[in-house]
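Q: The structure is given below, and queries will be raised subsequently.
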Amino acid sequence: DTLRYRADRAIEQAVRAPLEDRRRLLGQASGDYQACAEKFDGLTNYHDAEKVLAYCQGRHAAVQRLLQQMDELTDPGAP
């Protein structure tokens with residue numbers, strides 16, 4: 001839950017941050033969401049484990065898409 005909370009806070013901060021700080025914060029959030037998903041993957045007896053796993057996986061995928069879109073906008077030569 002700590003990783004999920006930390007990732008959510010990084011997302012909140014990224015919204016108000018300058019571009020380079022935003023990229024760093026989103027990268028941090030992505031890593032934390034991925035680590036959260038890895039920790040909850042396979043847990044069945046923990047309270048809301050499946051819900052937390054789905055949340056972290058979904059948020060990780062969304063942040064990855066956002067980072068990719070940012071790269072495409074800042075690098076016009078990218079495919």
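The values are calculated or read from the model by the stated rules, or taken from the named source; none is laboratory data. Here the structure is a predicted model, which means the values were calculated and not measured. Please note that ligands, DNA and RNA were not included when accessible areas were found on the heavy atoms of the full protein model with its side chains. Shrake-Rupley method; radii C 1.70, N 1.55, O 1.52, S 1.80 Å.
Q: From the protein chains alone at 1.4 Å, what is the descending order of accessible area for Val63, Val15, largest first?
A: Sorted by accessible area, descending: Val15, Val63.
Q: A further question on this structure: Going from most exposed to least, what order do Tyr33, Tyr5, Tyr46 have by accessible area with a 1.4 Å probe?
A: Solvent-accessible surface, decreasing: Tyr5, Tyr46, Tyr33.
Q: Hey, any idea what % of the chain's accessible area is carbon plus sulfur with a 1.4 Å probe?
A: It is 51 percent, rounded to a whole number.
Q: Need one number: convex hull volume per residue for the chain, Cα atoms only, in Å³.
A: Looking at the chain, the number lands at 80 Å³ per residue.
Q: Please work out how much length the chain gains when fully extended from Ala54 to Thr2, using 0.36 nm per residue of separation minus the C-alpha to C-alpha distance, in nm with one decimal.
A: Taking 0.36 nm per residue and subtracting the Cα distance, the gain is 17.1 nm.
Q: If you don't mind, another one. Counting only C-alpha contacts under 8 Å and six or more residues apart, can you give the relative contact order of the stretch 1-57 as a whole percent?
A: Over the stretch 1-57, the number comes to 33 percent.
Q: Follow-up question, since we're still on this one. Given a 1.4 angstrom probe, what's the average accessible area per residue across the chain, in square angstrom?
A: About 69 Å² of surface per residue is accessible.
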